[in-house]
Amino acid sequence: MAVYQIAVIGGDGIGPEVIEQAVRVAEAAARQQDRAELHWTRLPWSTAYYKQHGRMLPEDGWDQLRTFDAILFGAVGDPSVPDKITVHELLLPMRRKFDQYVNLRPAYLFAGVPCPLVGKKPGDIDMLVYRENTEGEYAPVGGHLYPGTENHIAVQTGVFTRRGCERILRAAFEAARQRPRKKLTSITKSNAQVYGMGLWDDVFHTVRREYPDVESHSLLVDAAAMDFVRKPESFDVVVASNLFGDILTDLSAAVTGSIGLASSANINPTKQFPSMFEPVHGSAPDIAGQGIANPLAAILSAALMLDHLGLKASAAVVRQAVSTVLAAGKVKTPDLGGHNTTTQMGDAVLAALG
Ligand code: GGG
């Protein structure tokens, strides 16, 4: 029996609550479908850990993490500690240190999930967003001058490299090529950000020549935001910079019914380093500890992890079980208009695995 070593970082707020349901479901599916054993190592790295140790993870934390086959991550962020510590010392460096340059964020309108847009049927919205994950607007490049004075100056630099643009665009084109619609939209803002986004567009026009079988075009981010609402069914694969991808995927989550269903994978395609799988949502301190968070985004993220590990049958059965539970509509967490708990939703998916 193949054994996979998985690091589990529940993190803050609802992170640990939803991630435990993902662990249960992934473990059962892997055993049942692929006769594989997932061995979980829980790492308590979080805001609570920071308060105790003065850092988000131990000194050798990155070396510890490097040894795992994958990382399952809940959420990070707590109102009592600035994001520049919690998010910027754990989540964002993880993506860069392990060169997880592909942030894949699928958005799908499931049967049984009310869509806030009129007239959309299950499956009408079915897109994959490829978000660049290691540079762009989230590169920690910048600084302060004259802080604490009237003349305080803050500089935040977006970093766009030919290599960085090319590899995320290529990953997105490869994905589009595999999909029935073979369509790709590259998100830009080169009419305002002429340097970074200008390079992004240049690389897009170069790479697209290699994919004549993919129908591709470039779209301004503001027009994309409008079209995610007006005609989300027109999108298939979408590729965007770090910031634009982050913002647009909250919108794609909203139009597919709930951010509680939005999964993501932070992938190092070379497999030189572990990839990391996390729900798109954050730590949601407003509902933390109540046991009512929707665990489906975490469970679907675990399905992306199973795919990445090569456990395709397990991944497929998890997605099917989630679909079945949503379509039945008997178990619903509050974000879906119901009253069920996180654990009840986990139980329902486990039962639907068969
Ligand atoms: N599970 C997602 C999470 O913890 N999000 C917190 C956050 O601030 N994320 C920023 C990002 O995804 O770039």
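Throughout, read-outs are computed from the coordinates displayed, never taken from laboratory work. Note that the coordinates shown come from a computational prediction; the quantities given were computed from them, not determined experimentally. Note: ideal-geometry Cβ built from the backbone for every residue, glycine included; neighbour counts use all protein chains shown.
Counting beta carbons within 10 Å around each of M94, M345, M226, M305 and listing the fewest first gives the order M226, M94, M345, M305.
Note on K183: aspartates and glutamates with a C-alpha under 16 Å away, same-chain residues under 8 apart excluded, are D124, D126, E174, E210, D213, E215, D227, E233, D236. 3J(HN,Hα) along region 87-104: 5, 7, 10, 10, 6, 5, x, 4, 4, 7, 4, 9, 6, 7, 7, 9, 10, 8 Hz, from the Karplus curve 6.51 cos²θ - 1.76 cosθ + 1.60 with θ = phi - 60°, whole Hz, x for Gly and Pro.
Charge dipole of the chain (Cα centre as origin; +1 on each Lys and Arg Cβ, -1 on each Asp and Glu Cβ, all else neutral): 800 debye, rounded to the nearest 20. Using just its DSSP H runs of length 4 or more, each adding -39500 (n - 2.57), the chain gives a mean residue ellipticity at 222 nm of -12000 deg cm²/dmol after division by all residues. Segment V141..D227, full-extension length gain: 27.8 nm, with 0.36 nm per residue of separation and the alpha-carbon distance subtracted.
Residues in region 50-58 carry Karplus couplings, in order, of 4, 5, 7, 10, x, 8, 6, 8, x Hz; the curve used is 6.51 cos²θ - 1.76 cosθ + 1.60 with θ = phi - 60°, and Gly or Pro positions show x.
Taking H as built 1.01 Å from N, whose amide H comes closer than 5 Å to the amide H of S275, not counting residues under 5 places away? Under 5 Å from the amide H of S275: I71, N268. Under 5 Å between amide hydrogens, built in the peptide plane, is the criterion, and for E37 it picks out A2, V3, Y4 among residues at least 5 positions away or on other chains. I want the local charge near D236. Using Cβ-Cβ distances under 9 Å, sum +1 for each Lys or Arg and -1 for each Asp or Glu among the other residues. Local net charge: +2. Show me the trypsin sites (Lys or Arg not before Pro) within region 1-84 that DSSP assigns to loop and that have at most 12 other Cβ atoms within 10 Å of their Cβ. For trypsin sites (Lys or Arg not before Pro) across region 1-84 that sit outside H, G, I, E and B with at most 12 neighbouring Cβ atoms in 10 Å, the list reads R35.
Ranking Y211, F228, V255 by how far each Cα lies toward the positive end of the dipole of region 126-255 (charges on Cβ) leaves Y211 at the top.
For V239, the residues whose amide H sits under 5 Å from its own are Y130, T185, S186, I187, ignoring neighbours fewer than 5 places away on the same chain, with H placed 1.01 Å from N. Ignoring GluC sites (Glu not before Pro) that are buried or in helix or strand per DSSP, and keeping those with at most 16 other beta carbon atoms within 10 Å, what is the longest stretch of the chain between them? The reported range is 211-354. Computed from backbone phi, the HN-Hα couplings of region 271-278 come to 6, 5, 10, x, 8, 10, 10, 8 Hz, rounded to whole numbers (Karplus: 6.51 cos²θ - 1.76 cosθ + 1.60, θ = phi - 60°; Gly and Pro given as x). Would you work out if region 1-110 is rounded, prolate or oblate? Take a ≥ b ≥ c from the square roots of the eigenvalues of the alpha-carbon gyration tensor; rounded if a/c is under 1.5, else prolate when a/b is larger than b/c, oblate otherwise. Judged from the Cα gyration tensor, region 1-110 comes out prolate (a/c at least 1.5, a/b above b/c).
By the scheme Lys and Arg +1, Asp and Glu -1, what is the net charge of all other residues having a beta-carbon under 13 Å from that of Q272? Around Q272, the charge tally is +1. The charge dipole of region 126-255, taken about its Cα centre with unit charges on the Cβ of Lys, Arg, Asp and Glu (plus for the first two, minus for the last two), comes to roughly 420 debye.
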